[in-house]
1. When you take every Cα atom in the range 9-71, what is the radius of gyration, and what is Dmax, the widest Cα pair distance, in Å?
2. Given 0.36 nm per residue, what is the gain on full extension from N83 to S60 after removing their alpha carbon distance, in nm?
3. Relative contact order (percent) for the chain, with alpha-carbon contacts under 8 angstrom and 6 or more residues of separation?
4. Dipole magnitude of the chain about its Cα centre, charges +1 at Lys/Arg Cβ and -1 at Asp/Glu Cβ only, in debye to the nearest 20?
5. Net charge within 12 Å of A48 by Cβ-Cβ distance, Lys/Arg positive one each and Asp/Glu negative one each, not counting A48 itself?
6. In what sequence, largest accessible area first, do S59, S35 appear using a 1.4 Å probe?
7. If you count only protein heavy atoms with a 1.4 Å probe, what accessible area per residue comes out for the chain, rounded to a whole Å²?
8. Rank G45, G14, G87 by mean-square fluctuation in a GNM of the chain with C-alpha springs under 10 angstrom and give only the top-ranked residue.
Amino acid sequence: MSQDIILYLTDREGTTHSLTAPTDMNMNLMELCKSYEFPVEGTCGGMALCASCQVYVSSSHPLPERSEDEEAMLAEAFHVQENSRLGCQIHLTPELDGLEIILAPEE
Ligand code: FES
């Protein structure tokens with residue numbers, strides 16, 4: 001059964017938008033941002049190789065641990081904070097309903 005969730009995304013101008021996201025399409029956060037036409041490059045296509053999809057997670061949702069690839073990429077990226085994640089590594093699941101994220105600045 002399909003279930004949509006709502007995510008709250010704050011863009012680089014500081015405006016918060018609520019996004020409706022499907023959880024049954026195997027989408028990740030980077031793809032969702034792109035589908036709403038936010039300026040998220042996703043240059044590597046979701047391979048954890050570019051960090052252009054970096055977001056800050058500002059709610060306390062339990063998220064899957066960063067993978068080694070994600071850690072390695074964030075170690076080299078700019079503007080990294082403790083709550084930084086690569087959007088492409090976060091798959092949209094029903095548990096993420098209400099997730100709050102902020103787009104990281106462009107590099
Ligand atoms: Fe390249 Fe996420 S799209 S790291």
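The values are calculated or read from the model by the stated rules, or taken from the named source; none is laboratory data. Since the structure is predicted, the reported quantities are computational estimates derived from the model, not experimental observations. Counting neighbours? That spans all protein chains shown, and the Cβs are built from the backbone with ideal geometry, glycine included. What goes into the accessible areas is simple: the full protein's heavy atoms, side chains included, and nothing from ligands, DNA or RNA. Shrake-Rupley method; radii C 1.70, N 1.55, O 1.52, S 1.80 Å.
1. Rg, Dmax (Cα atoms, Å): 12.2, 32.
2. 7.3 nm
3. 39
4. 140
5. Numbers: positive: R66, R85; negative: E68, D69, E70, E71, E76.
Computed value for this residue: -3.
6. Of S59, S35, the descending order of accessible area is S35, S59.
7. On the way: 6080 Å² over 107 residues.
Here the residues of the chain average 57 Å² of exposed surface.
8. Top of the fluctuation ranking is G14.
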